[in-house]
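**Student:** Structure provided below as structure tokens; questions to follow.
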């Protein structure tokens, strides 16, 4: 081949290659709804990543067993990272239309999923036929995923927040490990004693970045009896005495007592890293934060216990509840929706299977015995079965959560447009935790203006 | 090109000559296309790449900035997104922070590499090693470099590298990223350390092109170091200085990864929120891709306006 021909061939190959690449990019990756063998095929996300070997093996085993029991259904698993819903990635997948047929989301995501036009109304398909335990699932959780009378997701996890504390540090500080603080004044007192141990230990730690500050502000406000938005959901309702008390409590501990450590602007992984290293005495969180401390941040289960969320002058008036669910992508065939519901039912809502396969989790050292997930309504058959299995296979000392369970606090859901509101409240939280001269009134006023603007824009 | 045009020319010559002028024009055009086929083919690749990955997203972004998507329905809303963004209390904070960073980066990030290059240029020995040392941080992935600063240098306790140095010198320590006043200077320090290697190498190349006689003449005239820099070095490197100033300003106005990593996003009391980070917040945390698009267009207009004014001014000078 002569030089010019060679160049032309190279150039044409380049163009052809580019064209093919672009065609490949633009081709929708969703496979046919039915494969060659006539099976109904669905794609499902939140498969554990390769590094989570045992969890991945469990997932694959569940898929294999499910497909064995349902020979007409094929499950295609997709992993979207260790954190199944990292908000920026989730938003990108929604905007790009690349979510799987059955996709994981937080309770706070409903509005965003609806706005993206990706959600399918599954009201007519979700019933005891497709999900055998459907009638046992807490109706309040179904309500969270319902909009305008239409159901858009199946709840698969539910939690409420309490006070998580390190028993070892409690003992070292001379505190009673079986009697955690019940008021914010008691928390402050305990935090002072724990931080006096020195060695960089924070008596109490709190988030203030990456949306987690606003998330915890909400829970702290609920403990005071407050609410984030007015009843009609159109205005911010935290710039009041209760909101100010939340920030004042934190400011007092941070700068009055110096009991919250030097490093602030913490988000989820930062705080739990410190907790796993034994540098945090108390923080607020859900029961499964202890699981994260152990499985991801090298902590020990036996070191951690949990009490109810403290209140200002007595028991907390409320605590934040949240959770997760599986949405269904718009445009699925009825067969695909039914297949997806069957899969979610098998893996997430059947005592003894999937996430409730406690006999499998116990030897793998995944925690069994945590007071979570609170999926089934009180007194239902599914709840009874789940509790029995949990008790029979418990590998964590359930006594560590006894105070939390014995003192239930009313659970309140997350506000409308929660993630956007949390972003705004991060600034108020970071303000009192990084600036000794922070003006609480000004911080809350700014946050209130921003949230009102957000809500007005939502319409 | 002579080789590629030859076969086309032969083929054209072997055909009967077209009788009409229009036919001649077509043949001439066809010949031109054939003659430049290779060039056009390569050009199509580049144009396609730009069209798909740069121009289309840009046009799509501009279109989106005038739309609103709710419940899967997209409607035209005129200037609503722009008005809403202008009304966002973080909007002016983000611009103020971004301009502050840009100015600080010009003072520190622009001047330091120039003087480091002059210094390196004066060394007679170990020049190569010193250049490698200066360039090494550029080879570190930016995220890794910033995590080094976050956890090692900017630790607000006395254990942090910078605080330990300040303490050893008997100076007051700082809260670094946790202090709204120090957030921007701290980000500029980290950013300068990370990025100055490339600028130093460019300056060095420019410095080495300055004829030695100019310095000799200046020395004979009794010029000291500063006068030599002022009257020889700066005028001789003026073009490269001007170019890098513009590139630096355009790059620093797009400040994003520094707040994201060093300040975990917005930083203490929004002190790290930049315009690019605000776009990210609207798009990915506030379920507001249309608002993010509007803010992106505003940023594009500001940067394009700045570049145009700058080019006009520098063209006049030249």
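The values are calculated or read from the model by the stated rules, or taken from the named source; none is laboratory data. Quick caveat: nothing in here was measured; it's all calculated off a predicted structure. Glycine also receives a Cβ, built like all others from the backbone with ideal geometry; neighbour counts cover every protein chain displayed.
**Student:** Being away from chain A (no Cβ under 14 Å), free of Cβ contacts under 8 Å to residues at least 12 places away in the same chain and more than 26 Å from residue A:432 (Cα to Cα) narrows it down to one of B:83, B:119, B:108, so name that one.
**Tutor:** Step by step, each of B:83, B:119, B:108 is checked, and only B:119 is away from chain A (no Cβ under 14 Å), free of Cβ contacts under 8 Å to residues at least 12 places away in the same chain and more than 26 Å from residue A:432 (Cα to Cα).
**Student:** On the basis of being crowded, with 22+ Cβ neighbours inside 10 Å and outside any helix (DSSP H, G or I), does residue A:451 make the cut?
**Tutor:** Criteria not met by residue A:451.
**Student:** Is it the case, given these coordinates, that residue A:446 is buried (at least 22 other Cβ atoms within 10 Å of the Cβ) and within 12 Å of chain B (Cβ to nearest Cβ)?
**Tutor:** Criteria not met by residue A:446.
**Student:** Please find, among B:217, B:223, B:206, B:186, the residue that is touching a helix residue (DSSP H, G or I) at 6+ places or on another chain (Cβ under 7 Å), outside any loop (DSSP other than H, G, I, E, B) and under 21 Å from residue B:123 (Cα atoms).
**Tutor:** B:206
Every residue, every condition in (1) touching a strand residue (DSSP E or B) at 6+ places or on another chain (Cβ under 9 Å); (2) farther than 27 Å from residue A:414 by Cβ, yes or no:
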position: A:149; (1), (2): no, no
position: A:154; (1), (2): yes, no
position: A:161; (1), (2): yes, no
position: A:164; (1), (2): yes, no
position: A:171; (1), (2): no, yes
position: A:174; (1), (2): no, yes
position: A:182; (1), (2): yes, no
position: A:187; (1), (2): yes, no
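**Student:** Okay, next question. Evaluate the stretch A:67-77: report whether one residue or more is more than 14 Å from chain B (Cβ to nearest Cβ), out of contact with any helix residue (DSSP H, G or I) (no Cβ under 6 Å at 6 or more places or on another chain) and at pLDDT below 90.
**Tutor:** No; the residues of the stretch A:67-77 include none that is more than 14 Å from chain B (Cβ to nearest Cβ), out of contact with any helix residue (DSSP H, G or I) (no Cβ under 6 Å at 6 or more places or on another chain) and at pLDDT below 90.
**Student:** Output the residues belonging to the stretch A:417-443 that are outside any helix (DSSP H, G or I) and either facing chain B (nearest Cβ under 8 Å) or in contact with a helix residue (DSSP H, G or I) (Cβ under 7 Å, 6 or more places away or on another chain) (or both). I'd like the intermediate steps shown before the answer.
**Tutor:** Pass one, the stretch A:417-443, residues outside any helix (DSSP H, G or I): A:417, A:435-439.
Selection gives A:417, A:435, A:436, A:438.
**Student:** A further question follows. Can you go through A:354, A:331, A:340 and tell me which one is crowded, with 23+ Cβ neighbours inside 10 Å and either within 24 Å of residue A:78 (Cα to Cα) or free of Cβ contacts under 8 Å to residues at least 60 places away in the same chain (or both)?
**Tutor:** Sole residue among the options that is crowded, with 23+ Cβ neighbours inside 10 Å and either within 24 Å of residue A:78 (Cα to Cα) or free of Cβ contacts under 8 Å to residues at least 60 places away in the same chain (or both): A:340.
**Student:** Taking only the stretch B:243-283 into account, find how many residues are over 13 Å from residue B:184 (Cβ atoms) and under 15 Å from the mean Cα position of the chain (by Cα).
**Tutor:** 15
**Student:** So residue A:119 ticks every box in (1) closer than 30 Å to residue A:315 by Cα; (2) buried (at least 23 other Cβ atoms within 10 Å of the Cβ); (3) within 14 Å of another protein chain (Cβ to nearest Cβ) but one. Which box is left unticked?
**Tutor:** Failed condition: (1).
**Student:** Next up: List the number of the failed condition for residue A:403; all other conditions in (1) in contact (Cβ under 8 Å) with a residue 40 or more places away in the chain; (2) outside any helix (DSSP H, G or I); (3) within 30 Å of residue A:281 (Cα to Cα); (4) not assigned by TED's automatic domain parsing to the domain that holds residue A:215 hold.
**Tutor:** That leaves (2) as the condition not met.
**Student:** Are there helices (runs of 4 or more DSSP H) fully within the stretch B:232-318 with at least 3 residues that are in the same structural domain as residue B:207 (by TED's automatic domain parsing) and closer than 21 Å to residue A:428 by Cα? List them. Explain how you work it out, then say what you get.
**Tutor:** Values: elements: B:238-252, B:257-262, B:275-284, B:289-317.
Qualifying helices (runs of 4 or more DSSP H): B:257-262, B:275-284.
**Student:** Additional query: Checking the structure you have, find out if any residue of the stretch B:119-128 is within 16 Å of the chain's Cα centre (by Cα) and either part of a helix (DSSP H, G or I) or in the same structural domain as residue B:225 (by TED's automatic domain parsing) (or both).
**Tutor:** No - not one qualifying residue is present in the stretch B:119-128.
**Student:** If residue A:103 satisfies every condition in (1) in contact (Cβ under 8 Å) with a residue 60 or more places away in the chain; (2) crowded, with 20+ Cβ neighbours inside 10 Å; (3) over 23 Å from residue A:333 (Cβ atoms) but one, which is the exception?
**Tutor:** (3)
**Student:** Collect the residues in the stretch B:284-295 that are facing chain A (nearest Cβ under 7 Å), under 16 Å from residue A:455 (Cα atoms) and without any contact (Cβ under 8 Å) to a residue 60 or more places away in the chain, keeping them in residue-number order. Please lay out each step first, then the result.
**Tutor:** First, pick out the residues of the stretch B:284-295 that are facing chain A (nearest Cβ under 7 Å): B:284-287, B:289.
Now drop any that are not under 16 Å from residue A:455 (Cα atoms), which leaves B:285-287, B:289.
Listed by number, the residues that qualify are B:285, B:286, B:287.
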